[in-house]
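What follows is one structure encoded as structure tokens, with my remarks underneath.
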Amino acid sequence: MNENNYKISTNLVQGSYRPKNGEARVFPVYQNTTYRYDSVEELATRFNLEQIGDLYSRISNPTVSELENKVAMLDGGVGALATSSGTAAITLAILNIVSSGDHIISVEDLYGGTISLFKNRFKSMNIEVTFVPQDLSIDELQKFIKPNTKLVYGETLGNPSLNILDIKKFATLAHNNNVPLMVDNTFLTPYLCQPLKHGADIVVYSASKYFDGHACALGGVIVDGGSFDWTNGKYNEFTTPDESYHGLIYSEAFGNMAYIVRARTAMLRDTGAALSPQNAFLINLGLETLHLRMEKHSQNALALAEYLQNHPKVAWVNYPLLKAESELSEGQKYLTKGASGIVTVGIKGGFEASKQLMNNLKLTAIVTHVADVRSSVLHPASTSHRQLSAEELAKAKISEDLIRISVGIEDIIDIITDFEQAFAIS
Ligand SMILES: *Cc1c(COP(=O)(O)O)cnc(C)c1O
């Protein structure tokens, strides 16, 4: 997708849009469901996927395509598909290659919604998920692989464990067994980490977080690295005729784009979880400043983490870059530009003390969100991860006292002062 040699910051700002003489400088919102054709035959060829082009905005729309092209370019993928939310992206990305009777290996510290999807929804669809600790060796992990394993899954930076995934290790595990590695790169974004370069095959995002960055649009994106061999005998979806397209065989018709084309033409078509053009426009606008925001979020988060680490009322602090480099494995040393704006902290006195502190913050708001420009806090055990049992909370590395701070891009002095005044009266 990256047909130019521009740096990532340039591609974030300009994407692939190059307006011609007199055209809109900013890619416009195509606020339409429908497209017009010259003839019945012309439209029929598009329905048969003989010719690629917009048919109906549930399947594609120019404003949404602009976003998809940009994200594919940022990650170095062959194509991308945008969806109505991050949850929809994860669901469609997985169901594109996993069905009833199949098995998935996933790391155990994940976003709460993903755990719920895997544990409840997939279970009811007869899809089994084995949750594994991240720090096991490759030989130990291998023991969890089954003949029907179709996917290895993880989060590059766990929400909210903040564990850094050893992408190389999990890619090796997956590839040794002829299955792909899919990673959720929501917290790091392509600016801080490009998982395809480290061996992942498919990347998923909640665009509702740093991509949008302003807490105003829900969305999701799937990126296809184009490197996985779907014809290895395990993935009939790509090698046998799709009757809903008159016997089309994806791997033959679309080569190394088979995965992402099918995600659109089968999964998105049949589930309808499409991104609205208006939200695609807002997310694209957000991406134009992603590089500036990620640097500021990362700087502010490190500064706040260092302040908290030295505070007498703090029991513990977690921020990936507070760890000594020597504590990271070879495969975890890819966070060279920062580690996003997420910090977790526990306050001495446990849950009650953590709650007190949160209630006393003024500038920093209590919200069910992360990753926007405004600083916010959340108590996962009672909110985003509330549906988990005590044992599952422990596995997801969520203690009772854990506060997840999403450090915004306000002046760091004001953010620290806010915590200082809250500690003083807590
Ligand atoms: C928020 C989040 C999701 C879900 O995204 P939605 O856009 O809210 O559906 C998935 N993964 C991670 C890591 C998240 O933080």
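What follows is calculated from the coordinates using simple rules that are stated; it is not laboratory data. All of these numbers come straight from a predicted model, not from anything done at the bench. Positions of Cβ are generated from backbone atoms using ideal geometry, with glycine treated the same way; all protein chains shown enter the neighbour counts.
Report the convex hull volume per residue for the stretch 331-388, counting only C-alpha atoms, in Å³.
133
What share of all Cα pairs of the stretch 1-145, in percent, falls into each consecutive 10 Å distance bin?
9, 25, 28, 23, 11, 3, 0
Counting helices only, and only those DSSP H runs with n ≥ 4, report the 222 nm mean residue ellipticity of the chain as the sum of -39,500 (n - 2.57) divided by its residues, in deg cm²/dmol to the nearest 500.
My calculation for the chain gives -9000 deg cm²/dmol from helical runs alone.
Quick one, could you list the DSSP H helices from the chain stretching 27 Å or more along their long axis (Cα atoms) with average Kyte-Doolittle hydropathy of -1.0 or above?
Span-like helices here: 290-309.
Taking Cα atoms of the stretch 154-237, Rg/Rh with Kirkwood Rh, to two decimals?
With Rh from the inverse mean 1/r over Cα pairs, Rg/Rh is 1.01.
Over the chain, what portion of Cα pair distances is larger than 28 Å, expressed as a whole percent?
Tail fraction, whole percent: 49.
Under a cut-off of 23 Å between alpha-carbon atoms, report the lysines in cross-link reach of residue 168, not counting same-chain residues fewer than 8 places apart.
143, 146, 150, 197, 234, 323, 333, 337, 395, 397
I need the peptides 165-177, 109-121 ranked by packing, meaning the mean over residues of other C-beta atoms within 10 angstrom, with the highest value on top.
Listed from highest to lowest mean packing, they are 165-177, 109-121.
Suppose the Debye formula is applied to equal point scatterers at every Cα of the stretch 248-403; what is log10 I(q)/I(0) at q = 0.08, 0.17, 0.19, 0.21 Å⁻¹?
-0.37, -1.14, -1.23, -1.32
From the phi angles alone, apply the Karplus equation (6.51, -1.76, 1.60; θ = phi - 60°) to the stretch 151-165 and give each ³J(HN,Hα) in whole Hz, x where the residue is Gly or Pro.
My calculation for the stretch 151-165 gives 7, 10, 9, x, 10, 4, 9, x, 9, x, 5, 6, 5, 8, 5 Hz in order.
Could you pull out the chymotrypsin sites (Phe, Trp or Tyr not before Pro) across the stretch 1-88 that fall in loop regions by DSSP (anything but H, G, I, E, B) with no more than 16 other Cβ atoms inside 10 Å?
6, 17, 35, 37
Determine, for 244, 384, 340, the number of other Cβ atoms within 10 Å of each Cβ, and report the residues in order from fewest to most.
Placing the least packed residue first, the sequence is 244, 384, 340.
Work out from phi, with θ = phi - 60° and the Karplus expression 6.51 cos²θ - 1.76 cosθ + 1.60, the ³J(HN,Hα) of each residue of the stretch 96-112, listed in order in whole Hz, and give x for Gly and Pro.
For the stretch 96-112, the Karplus-derived couplings read 5, 10, 10, 9, 3, x, 8, 9, 10, 9, 10, 5, 8, 9, 10, 4, x Hz, x marking Gly and Pro.
Equivalent ellipsoid semi-axes for the stretch 63-153, as square roots of 5 times the alpha carbon gyration tensor eigenvalues: give them largest first, rounded to whole Å.
Semi-axes (√(5λ), whole Å): 26, 16, 13.
Take every Cα pair under 8 Å in the chain that's 6+ residues apart, average their separations, divide by the length, and report that relative contact order as a whole percent.
Relative contact order, the chain: 17 percent.
Please list, ordered by chain and number, the residues whose modelled amide H lies under 5 Å from the amide H of residue 314; skip anything fewer than 5 residues away on the same chain.
Hits under the 5 Å cutoff: 348.
Once you keep just the Cα pairs under 8 angstrom separated by 6 or more residues, what percentage relative contact order results for the stretch 280-426?
Reported as a whole number, the value is 28 percent.
Give the long-range amide H neighbours of residue 231: residues separated by 5 or more places, or on another chain, with amide H under 5 Å away, using H modelled in the peptide plane at 1.01 Å from N.
Amide H neighbours of residue 231: none.
Provide the gained length on full extension for the span residue 37 to residue 140, in nm with one decimal, where the gain is 0.36 nm per separating residue minus the Cα-Cα distance.
Between residue 37 and residue 140, full extension yields 31.4 nm more.
What percent do you get for the relative contact order of the stretch 336-377 when only Cα pairs under 8 Å and 6+ apart count?
The value is 28 percent.
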